[in-house]
Each structure stands twice: as C-alpha cells, then as structure tokens.
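Inspection log for the structure reproduced underneath, given as structure tokens.
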Amino acid sequence: MDKRIHKNDKKVILYPGLVKRLIEKGMDALKEKDGKSAYDFFLSAEEHEPDHPQVLFGKMLSLVELGRLEEAVEHTNSLLREGIGDYYENLQVHISLLVQLGKYQEVVDMLDAVLSENQFPSQYAESFYQLLHFSRQMVGDKEWLHQSEVRDEPIPQELLEMLESESLELQSKAIQHLREIDHPEAIQKLVEFLHKKDRDYVLQSIALKALEEKNCQDVIHMKKQGREMALIPSEFNSDNQQLFYQQILEYVSDQLEHKDPLLYEITKQLSWTHLWSLYPFLPHPEDAKLWGHVFCYCAAERIGLEEELVELEERYQFKSTFFMEKVEEVKELESMVYQIDTSGLT
C-alpha cells in the first residue's frame, strides 16, 4: 500500500489522529504567542480537513496573533456565513476585530440585525451590548467633525454623554472632538469637565490645553496632587513647562544618549508623561538635575537593569529617603493616569 499523500487527494490521512495533533500543536503555539508556527500548523491541518471548525477557528486566531486583522475578519465572516463552528463565539471575535479596525458602522448594522431576530445569549449579552453602545457612539464621529464648522448647531448629545461616561477612553475622545469644534458650548463643557472632582490628570491636561487654544477667558481652578492653582487659559504661559522639560532632557541626554540609547528613550518618555500629567504644575522641587536622576532610575528599574541601578545608586548617591520618595511619586502617578500618546496634543 502506497502511504504517500497525493496532492489532489485531500481525504487521505497518513497517520490516525494527525489533524487532532496538528490542532493541539497550533493551540500550544498560540499560547506561546508564536503566531507564525500556529498558522503553519493550522494550514497543514486544513489540507486534510478543510471544514474542521477548530482548524478554521485556530487559523483565524493565528491571523489575529500575526496582526493580519483584515484577513482575520474575512475569515470570521466566512465562518459566520457558512455556519461553521459556534455562531456566537465566531460573532464575538468578528465584532471585536471590526472594532479594532474602526469599522463601527458594520458593528452596528450586524448587531442590530442579530438583536432584531433574538436576544443575545446571556454569556455574550454584556459584551455585545457594550460593543454595540460604543460603536453607535463612534459612528457619529464624521457628523461631529462636520458640525464643528457650524457654530449655530448644538453639540450632539452623544458627545456630551461620552464626556460624562465612566470610560476614560470615551472621555478622551469627547475632549478631542470638543477641542476641534468651534462652538461656544464646547468651551463651557470643557470648563465644566475640569471643575468636576476626581478627573483623570492627563485628561485634565488635554482639556486645559484645548481651552488655551480656544482663548478661554474663564477662571479655571486646577487641583492635582493636593496642589491648587487658579488661572485664565488665554493668559496662561506654558513656556515654563516646556523649558523645565528641556532642562531635564539636556541633562539626561548628556548622561545617557550615547551610553545607553534605550535607557535614554524610556527616561525621556517617562519625564514627559510625568510633566504632562502634572500640567499646569511643575514637579516639586523645580530641580531639573534631581528629576533627571529620578526618571533615569525609574526607567532603569522598569527594564530590569539591575547592575545599572546599583551603579546609579553609587554614582548619584540615591539612597536618601527624599530621593526614593520622588521615585515612588513618579510610579504612583504613572499608575493612576490614563495612558495615551500625547505627542500630537501639546
């Protein structure tokens, strides 16, 4: 008997249980975040059983792991259309991929259609309703941007609801839209946002910067880390913040840029994140060299440079209680603020 597999005979399996073994190997590779190996295993399994639900689902997960989201969406769409595998499990992955790709209208259309026929199963209901609500809010983006040129049109209610949402992501998106809208109410809503308690520090900074750009003449009462300041955005000079950052950067650059570029970049990122979180306040004390040391120490600790930490402690005599208090201050602030790329906001 010829035990070779013929190219055109997909039904012949050389070893019993081969597809099951390939699936197991593929899933193991996915657990190890090895998308390439996983994809190869599932492709091999697909050659023998092209309609096997686990094979197709695993292939789709491999595409996601590889970052090939557009292909993954096509794959989940085929699974849904052909009724292969668990419908709602496939639907959940499909919807999540569409959200990641920013295809919010497709999410709304699909979930509305499913909901019109039946209620979501209990184990999926919360997730689907959240994704539907979020996507409905996102669908209005183009309308909001269009209305930014129409001063007499009221600000969409959905945008105001986003601003008051418990989601920091939605709050951030709302502030960005209000920043772009040329409307008197946009200023009012940003001022109200800043005056409410327990606002995220980074989102406060973005909102304040938006008011500066809008030449807001209201008195704003800023509170961060137990410190208070009353200021008028149109009159506030933010040069001190930028100058202090440059002083830190110059010192850190001299110490690290050529010696350890990676440590330098992380130190640079940490310092800007901290200053942006505190805006309009400056770190206390206003000692650029001290804070350069602090951010460098935090960066070295973050990437596990233990030898460098010992060297830094010896080199800069970092064993003082005051210094370590500042290190903890940086860590604490970073852990409590909304993580966002602010490079395009300042």
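The values are calculated or read from the model by the stated rules, or taken from the named source; none is laboratory data. Note that the structure is a prediction, hence the values are computed from the model and not measured. Note: ideal-geometry Cβ built from the backbone for every residue, glycine included; neighbour counts use all protein chains shown. All accessible areas refer to the heavy atoms of the entire protein, side chains included, with ligands and DNA or RNA removed. Shrake-Rupley method; radii C 1.70, N 1.55, O 1.52, S 1.80 Å.
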Problem set entry | Distance histogram for the chain (every C-alpha pair counted, 20 angstrom bins, percent rounded to whole numbers) | 23, 40, 31, 6, 0
Exercise. Looking at the P(r) of segment 266-314, how many percent of alpha-carbon pairs lie beyond 14 Å?
Worked result: 52 percent
For this session: Between beta-carbons, use under 14 Å as the cut-off and find the net charge around L115, counting Lys and Arg +1, Asp and Glu -1.
Result: -3
Seminar exercise, completed: Output ordering of 77-85, 40-48 (per-residue mean of other Cβ within 10 Å, highest first) is 40-48, 77-85
For this session: Would you list, by chain and number, the aspartates and glutamates whose Cα falls below 14 Å from the Cα of K224, excluding same-chain residues fewer than 8 positions away?
Result: D198, D200, E329, E332, E334
Problem set entry | Between helix 306-316 and the chain: long-axis angle, C-alpha atoms, 0 to 90°, nearest 10 | 10 degrees
Problem set entry | Accessible area per residue, Å², the chain with all protein chains present, probe 1.4 Å | 56 Å²
For this session: Run through every distinct alpha carbon pair of segment 193-271 and return the Kirkwood hydrodynamic radius in angstroms, one decimal place.
Result: 14.6 Å
For this session: Springs between alpha-carbon atoms under 10 Å, Gaussian network over the chain: tell me which of K173, K36, K214 tops the mean-square fluctuations.
Result: K36
Problem set entry | Highest-fluctuation residue, S62, S253, S335 considered, GNM on the chain with Cα pairs under 10 Å | S335
Problem set entry | Selected from G67, G26, G58 as most flexible by GNM, with the chain as the system and alpha-carbon contacts under 10 Å | G67
Exercise. To the nearest 0.05, what FRET efficiency results for N215 and S335 with a Förster distance of 35 Å applied to their C-beta separation?
Worked result: 0.50
Problem set entry | Total formal charge among the other residues, if their Cβ is under 14 angstrom from that of G26, Lys/Arg +1 and Asp/Glu -1 | -2
Problem set entry | Expected 222 nm ellipticity per residue - DSSP helices of 4 or more, -39500 (n - 2.57), all of the chain, to 500 | -21500 deg cm²/dmol
For this session: Find the Cα radius of gyration of segment 147-279, compare it with 2.2 N^0.38 Å by division, and give the number to two decimals.
Result: 1.23
Seminar exercise, completed: For segment 180-261, the percent of accessible surface on carbon and sulfur atoms (probe 1.4 angstrom, ligands and nucleic acids excluded) is 44 percent
